[in-house]
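Everything below concerns the one structure shown next.
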């Protein structure tokens, strides 16, 4: 797999999950949060849509900017706190439902792609 394809895969996670939050924020709230923490109000839908728009923005940028090996490495490291977030808000404080753990699945996918992209970009940079 090339670094560019790994980067496109990372972009896809942001575009799919962010697009869902942007276009159907009420659906995300209803499905991703456990009943005790679910508030499907105008403000929560607004905040969810804003979150989704930022994810879509990053996904678009990931499609058009060429990442170096350092970019992939930094992205991988910056993903690590999100695993703690997923664990805490699913197991310790059950805010995220099983469907809400799609965020975890997206993070695992992006971490794997970041490592693959880092290796491929390192290889490409060594050739230059």
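A few comments on the model shown:
- Taken over segment 2-59, the residue count meeting the criterion of being part of a helix (DSSP H, G or I), closer than 16 Å to residue 100 by Cα and over 18 Å from the mean Cα position of the chain (by Cα) is 7.
Residue by residue, here is whether (1) part of a helix (DSSP H, G or I); (2) within 13 Å of residue 6 (Cβ to Cβ); (3) without any contact (Cβ under 8 Å) to a residue 12 or more places away in the chain holds:
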{"residue": "76", "(1), (2), (3)": "yes, yes, no"}
{"residue": "84", "(1), (2), (3)": "yes, no, yes"}
{"residue": "118", "(1), (2), (3)": "yes, yes, no"}
{"residue": "123", "(1), (2), (3)": "yes, yes, yes"}
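- Filter result for residue 31 (within 21 Å of residue 105 (Cβ to Cβ), modelled with pLDDT of 95 or more and surrounded by 14 or more Cβ atoms within 10 Å (Cβ to Cβ)): yes
- If the condition is being farther than 22 Å from residue 20 by Cβ and assigned to a helix (DSSP H, G or I), then segment 88-116 contributes 88, 91, 92, 115, 116.
The values are calculated or read from the model by the stated rules, or taken from the named source; none is laboratory data. Keep in mind the model is a prediction, meaning the values are calculated, not measured. Heads up, the Cβs are rebuilt from the backbone with ideal geometry, glycines too, and the neighbour counts pull from every protein chain shown.
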